[in-house]
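First up is the structure itself, then whatever we jot down about it.
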Amino acid sequence: MEVHHHSHHPKKWKEYVTEFIMLFAAVTLGFLAENYREHQVIEHRIELNKIAILKDLQADSSEIAKVLTSGDKMIEKFNKVNHILYLSKTDRISQAQFIDSIKVIPEFFARTSTLYMNNSSFKNMQSSGLFTSLEESELKHTLSIYYEVDFKAIQSLNEFFDQIGNNFNNQLPIGLGSLIRDKNQFQTTYEMNNPVFFENFILSLPKTKALLQSDDFIYEVQKYYNYIFVYRTSLRQAKKSNDTLIKLLRAEIK
């Protein structure tokens, strides 16, 4: 029996080119599809981080407003203190009038209010590498200013401001002492735990009178008073960045 062999004709070069193009196109499309998918995932994660940062910024905005309001009250209080000290030091009022004027100042102590800024969402964005994926823009620049400059400035000032307030309160424990005694459950049992009695007693002491009218005390008042304004400068800068970021994020979040 005769066996017939099928002959195979060699492919033409055009067929090889066609197959190569089809294979190249398939690999390229697969690569592009994967890149697109990864890009979409990154964009989604960035969007979630923007939402989280916006919430942090809104909380910061409320806290900044509270601290500024607290500062306004302290400025008003210490304006009165400065005026009384000036009148006493220039002999415009007697020592008795001076002490009576001090008595009517409510809570005569340094109520230091400092700002806590939450940077957890921003740190998460940095650690995950998403911040580097954020396109160069006003948003990225302002985020860097707010968290790398304003945030660190506030952190540094907080400790110093608290220390100045503590030093003032330790030197003159009248106002803070009266507040503590006002909340003390033993005030009806012991006379010294009555805030009014305590304040009158402390202010009657010759040492207290001498301290209040001393140059050293005037300097302590000025240090605390001045630093309120130093701190407010950083607060206002943080508020400016905060307002800008909230506006930018609201415009970008889909």
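Once the other residues with Cβ under 12 Å from the Cβ of V230 are scored (Lys, Arg +1; Asp, Glu -1), what is the net sum?
On the way: positive: K223, R232, R236; negative: none.
Surrounding charge for V230 is +3.
Computing FRET efficiency as 1/(1 + (r/R0)^6) for F186 and I253, where r is the C-beta to C-beta distance and R0 is 45 Å, gives about 0.25. Each Cα pair under 8 Å and six or more residues apart adds its sequence gap; the mean of these over the residue count of segment 105-199 is a relative contact order of 36 percent. Given axes a ≥ b ≥ c from the Cα gyration tensor, I'd like to know whether segment 162-206 is rounded (a/c under 1.5), prolate (a/b larger than b/c) or oblate. Taking the square roots of the gyration eigenvalues as a ≥ b ≥ c, segment 162-206 is oblate. Structure note, pairs K123/K254; K140/K239; K55/K183; K50/K247; K66/K247; K123/K223: Cα-Cα distances above 24 angstrom occur for K55/K183; K123/K223.
The Cβ shell under 12 Å around N167 holds other residues with a net charge of -2, Lys and Arg each +1, Asp and Glu each -1.
Test of understanding: what is the full-extension gain from H141 to S62, defined as 0.36 nm times their sequence separation minus their Cα-Cα distance?
Extra length from H141 to S62 when fully extended: 26.2 nm.
Our estimate of slack between K152 and E43, defined as 0.36 nm per intervening residue step minus the Cα-Cα distance, is 36.4 nm.
Return the loop-located chymotrypsin sites (Phe, Trp or Tyr not before Pro) in segment 66-123 (DSSP other than H, G, I, E, B) with at most 12 other Cβ atoms within 10 Å of their own Cβ; answer none if there are none. Hits after loop and neighbour filter: Y116. Taking every protein chain into account, the 1.4 Å probe leaves T69 with about 70 Å² of accessible area, to the nearest ten.
Within the shell of other residues whose beta carbon sits under 13 angstrom from the beta carbon of R181, the net charge comes to -3, with Lys and Arg scored +1 and Asp and Glu -1. Fully extending the segment from M22 to A52 would add 6.3 nm, taking 0.36 nm per residue of separation and subtracting the current Cα-Cα distance. In a DSSP loop and with at most 15 other Cβ atoms within 10 Å, the chymotrypsin sites (Phe, Trp or Tyr not before Pro) in segment 135-241 are F186, Y190.
The values are calculated or read from the model by the stated rules, or taken from the named source; none is laboratory data. For clarity, every value in this text was computed on a predicted model and none was experimentally measured. Neighbour counts are summed over all protein chains in view; Cβ atoms, including those assigned to glycine, are modelled from backbone coordinates with ideal geometry. Ligands, DNA and RNA are excluded from the accessible area calculation, which covers all protein heavy atoms including side chains. Shrake-Rupley method; radii C 1.70, N 1.55, O 1.52, S 1.80 Å.
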